[in-house]
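None of the figures in this text is laboratory data; all of them are computed from the coordinates on show. Because the structure is a prediction, the values reported are computed rather than measured. So basically every Cβ, Gly included, is an ideal-geometry build from the backbone, and we count neighbours across all protein chains shown.
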Amino acid sequence: MLILFETPAGYALFKLLDESKLKEIDNLYHEFNSPESAGRIVKLKHFAKFEDTTEALAATTAAVEGKVSKSLKKVLKKYVDKEVQDKLLVADAKLGSAIKDKLSLQCLSNTAVQELMRCIRSQLDSLITGLPKKEMTAMALGLAHSLSRYKLKFSPDKIDTMIVQAVSLLDDLDKELNNYVMRCREWYGWHFPELGKIITDNVAFVKTVKLIGTRDNTGSSDLSDILPEEIEEKVKEAAEISMGTEISDNDILNIQNLCDQVIEISAYRVQLYDYLKARMMAMAPNLTVLVGDLVGARLISHAGSLINLAKHPASTVQILGAEKALFRALKTKKDTPKYGLIYHAQLIGQSSTKNKGKMSRMLAAKASLATRVDALGEDGNFTLGAEHRAKLEARLRILEEGNLRRISGTAKAKAKFEKYQGGNEVKQYPAAADSTLPSTSKRKRSESEVKEEDTAQETPKQKKKKMKKEEANVSVVEAREEIAAENGEGSEVVQKKKKKKKNKEKQEEEVTVEAEMDVSQEAEVGSEKKKKKKKKHAKKVEELD
């Protein structure tokens, strides 16, 4: 068996003298304690040295990608005989499969081979003759530098560094612009304080100060290109009655230079934002459609790269940027934050305070899927992001309207909602029922219970007395009504009451007639039944006789 060993200086082919050692890998390192014992197991057959660092870099990058380089192909064709050699021991399984496909050589790569390679590396200086140790370390250092430079230049994972730098610069420009504008407002406010209240837009304020200079020139200057007509008139009126102090020409010159800086920085910020927008649509179109270009760029910047963001779960994407609040909440055992950087997305801004938590959770789930498609997918379209955004907007509409639309499609959802959200009647629990001890004091009864007991305990005599009292009351009321009718007062009311009485009397008469009819019918039915029973009894007696 031959062993292919890769070094920074070149390729080494060793011959395995004792193949049985591969089966005893647990104690194999004891055999490589000394150079003499290592020479009994493996022997160097050929060492192909690299000519320069460029060839070493090409061979290393090919090995990393699992490909066969030109120099390795030459060595294997020249020194490995297909007919004689059974197997070639290789450290990398991908490289072994590539050699097998290209050169039709049987390659072996397993844990035993890995242990053998580790033992060879420990005695590499003694096994490879004719190569000084200083030269080997110099080749290793040069290859490490060139390989790291190559990875930094050509790695597909590092393309999004431009987005990270652009969004960081954009945030810095916003801070500087804010500081400069506030300084300009405060500085010019000593001379013309009314201007700051009239013009609220920062860029328009700076351009106005740049154009008019001192407030004496306001009436003669044309501000139509910067301000609307109404605001321009207010500025000119305020300039005539301003209570600011007088300043020299040198002071106004410095203020105008500061205005130039603010105008230049704001123009560069607009250009940088357009560049960032274009880069985001090229790098992460689905994420940009979902959360916006600025929020997406800040998420990528916070995660480090697009690949790192794609590795995060949706729960981490949701609170990305709120780590301080999260760990404080975990430490104090309080509620954890619902959103981080994703809070500034348009969909969450549109939702009400009640639904912001739900929308952030749903948006984070869709954003994590979109990020994985952007980072690992081959298609550069944004169809997935557009579909998810449409679904989220429809869901937000349902949440905001408060409709009882059955999303799950089952009756369980409706029943569950009615259980917790339905407006049922509130029943109060009687506090007296809690006591289990015999109490001497009687429980207070409600009015309805007292009435029911009174009616149940009334005797026939008491009922007659009640009826007489009610008839007396009715007669008194009738007498009063007759007196009022004679006096001509409330005649209409009296007539209405009389009609009501007549209707009641008629209804009572009808009810009594129906009751009498029912009683007579029941009596007839009962007499017929008795007659039938007597006849049956007579028949039975005759049969017995």
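Things worth noting here:
- Note on I159 and A394: with the Förster distance fixed at 25 Å, the Cβ-Cβ geometry gives a FRET efficiency of about 0.15.
- Calculated diffusion of region 226-321, Stokes-Einstein form, Kirkwood radius summed over Cα pairs, 37 °C and 0.692 mPa s, µm²/s: 185
- Cα shape, region 112-236, gyration tensor, a/c 1.5 rule: prolate
- If the segment from S220 to E264 were pulled out straight at 0.36 nm per residue, it would be longer than the present Cα-Cα gap by 13.2 nm.
- Diffusion coefficient, µm² s⁻¹, Stokes-Einstein with Kirkwood Rh over alpha-carbon pairs of region 309-353 at 37 °C and 0.692 mPa s: 288
- Violating pairs (Cα-Cα greater than 30 angstrom) within the set K15/K134; K67/K277; K87/K311; K333/K356: K67/K277; K87/K311
- FRET efficiency for the pair W187 and T61, taken as 1/(1 + (r/R0)^6) with r the Cβ-Cβ distance and R0 = 60 Å, rounds to 0.55.
- Where only C-alpha atoms are counted, convex hull volume of region 312-402 per residue in Å³: 93
- Region 360-401: C-alpha gyration tensor shape, a/c 1.5 cut-off, then a/b vs b/c: oblate
- Peptides 287-299, 234-246, 338-350 ordered by average Cβ neighbours within 10 Å, highest first: 287-299, 338-350, 234-246
- Inter-probe distance in nm under a simple model that places probes 7 Å from Cα toward Cβ, at K504 and A112: 11.4
- Segment I241-S148, length gained on full extension (0.36 nm per residue, minus Cα span): 26.7 nm
- Shape call, region 33-98: gyration tensor on alpha carbons, a/c limit 1.5: prolate
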